[in-house]
1. Convert 10 °C to kelvin, take the viscosity as 1.306 mPa s, use the Kirkwood radius over C-alpha pairs of the chain as Rh, and evaluate the Stokes-Einstein diffusion coefficient in µm²/s, rounded to a whole number.
2. Excluding residues on the same chain fewer than 8 positions from K43, give the lysines whose Cα lies under 22 Å from its Cα.
3. Taking the Cβ of L33 as the centre, find all other residues whose Cβ is under 13 Å away and add up their charges (Lys, Arg: +1; Asp, Glu: -1).
4. Taking K and R as +1 and D and E as -1, what net charge do the other residues with C-beta under 11 Å from the C-beta of V68 add up to?
5. How large is the dipole of the chain about the Cα centre if only Lys and Arg carry +1 and Asp and Glu carry -1, each at its Cβ, rounded to the nearest 20 debye?
6. Mind checking which of A97, V117, I78 is farthest towards the positive end of the stretch 76-122's charge dipole, using Cβ charges of +1 (Lys, Arg) and -1 (Asp, Glu) about the Cα centre?
7. Order of 99-108, 15-24 by packing, highest average Cβ count within 10 Å first?
8. So how do 58-70, 77-89, 27-39 stack up, highest first, on mean other-Cβ count within 10 Å?
Amino acid sequence: MNTVLLTTAGGGIMSIGVTVAYMAVFFGVMWFLIIRPQRKREKEVATMQDSIKVGQHVLLNSGMYGKVVDIVNDVFIIEFGLNKGVRIPVKKIAIAAVQEPNLTVGKKAEEVEYEYVEVEVDENGNEIKK
């Protein structure tokens, strides 16, 4: 069987144009799926961090809760612990959320007593009734 390749004189230019078009479509899809939502989230976090006021409870990126007692430029003085004696300066970008800790004690699940019954089984795994 003979195979014949057909080429055109402008085929090289045509394939470059198609490649550029594919790359443009790929970049557009990546922009709408990855870059745009990430930038939107960053703007939301920045507005949340800018709106923090003295007296609010915050959650840090490290998972620690604290109460804002003072704000100096982009540094928050946060009070940690129940004795109100630990105050640590924290940069604004370390704040993950404005949220109070849930310090309520959860209800324990009731203990269930199980009754164990011995059962005899034959060689096929079937239960032998008495």
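1. Rounded, D is 71 µm²/s.
2. Straight-distance partners of K43: K53, K91, K92.
3. +3
4. +2
5. It works out to roughly 1380 debye.
6. In the stretch 76-122, that residue is I78.
7. Sorting 99-108, 15-24 by mean packing, highest first, produces 15-24, 99-108.
8. 58-70, 77-89, 27-39
Rule-based calculations on the coordinates, nothing more; no lab input. These numbers come from a predicted model, not from an experiment. Cβ atoms come from the backbone with ideal geometry, glycine included; neighbour counts cover every protein chain shown.
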